[in-house]
Structures are given as structure tokens and as C-alpha cells.
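Visitor: Quick one: the structure is below, questions incoming.
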Amino acid sequence: MEDWFARIWEFHASAGALALAIAMLAVWAERRRMRRVNLDAVGFMPWTVIYLIAFLAACILLGLAAREWFAA
């Protein structure tokens, strides 16, 4: 990991940004599922759970990155 990121907060910020992107994708997919035309085509992905887990991970990772960035 030392080869990719010079400081650990860069890794946390990158992982947090990725988790936030996944959370936004889950919100978009849940909205698309709720507005579907064919009511029988429900799907099987638990988008709300995916959103909650990804958003929690994003908050933790971005918080760690901010704490490490301000401490440096």
C-alpha cells in the first residue's frame, strides 16, 4: 500500500469516495425500482441495505481521512 498512496489519509479518502459512489448508485437503483412500470418485476437486490452499509462506510472512511489530514 505504500507504493500507491504516500499518506494513509489518501487511501481512506479514496475508499470513502468509492463507498459514497456505491451509496449514490444504490439510491438511484432504489428510486428506479420504486418508479417501475411493470409492478411484477420487483428484483432481488436489497438496495436500501446496500445504501445504508455503503453510506456508513463512507462516513467512517471520510471522517478518518479528514482527521488524519487535519492532524498532519
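Visitor: Do you know which of the residues in segment 1-50 that are among the basic types (Lys, Arg) and open to solvent by less than 100 Å² (accessible area, probe 1.4 Å) is farthest from Glu68 (Cα to Cα)? Break it down into steps so the answer makes sense when it comes.
Guide: So in segment 1-50, the residues among the basic types (Lys, Arg) come out as 7, 31-33, 35-36.
Keeping just the survivors that are open to solvent by less than 100 Å² (accessible area, probe 1.4 Å) gives 33, 36.
On the way: Arg33: 38, Arg36: 43 Å.
Looking at residues that are among the basic types (Lys, Arg) and open to solvent by less than 100 Å² (accessible area, probe 1.4 Å), I get Arg36.
Visitor: Working only within segment 3-44, note down all residues that are among the basic types (Lys, Arg), farther than 23 Å from Ile60 by Cα and not in a helix (DSSP H, G or I).
Guide: Keep residues of segment 3-44 that are among the basic types (Lys, Arg), which gives 7, 31-33, 35-36.
Remaining after also requiring farther than 23 Å from Ile60 by Cα: 31-33, 35-36.
Selection gives Arg35, Arg36.
Visitor: How many residues does segment 51-72 contain that are within 21 Å of Met24 (Cα to Cα) and open to solvent by less than 50 Å² (accessible area, probe 1.4 Å)? Quick ask: steps written out before the conclusion?
Guide: If we filter segment 51-72 for residues that are within 21 Å of Met24 (Cα to Cα), which is where we start, we get 51-66.
Next cut, open to solvent by less than 50 Å² (accessible area, probe 1.4 Å) only: 54, 57-58, 61, 63, 65-66.
Summing the residues that are within 21 Å of Met24 (Cα to Cα) and open to solvent by less than 50 Å² (accessible area, probe 1.4 Å) in segment 51-72 gives 7.
The values are calculated or read from the model by the stated rules, or taken from the named source; none is laboratory data. What you are looking at is a predicted structure, and each value in this text was computed from that prediction instead of being measured. These accessible areas exclude ligands, DNA and RNA; they are computed on the full protein's heavy atoms, side chains included. Shrake-Rupley method; radii C 1.70, N 1.55, O 1.52, S 1.80 Å.
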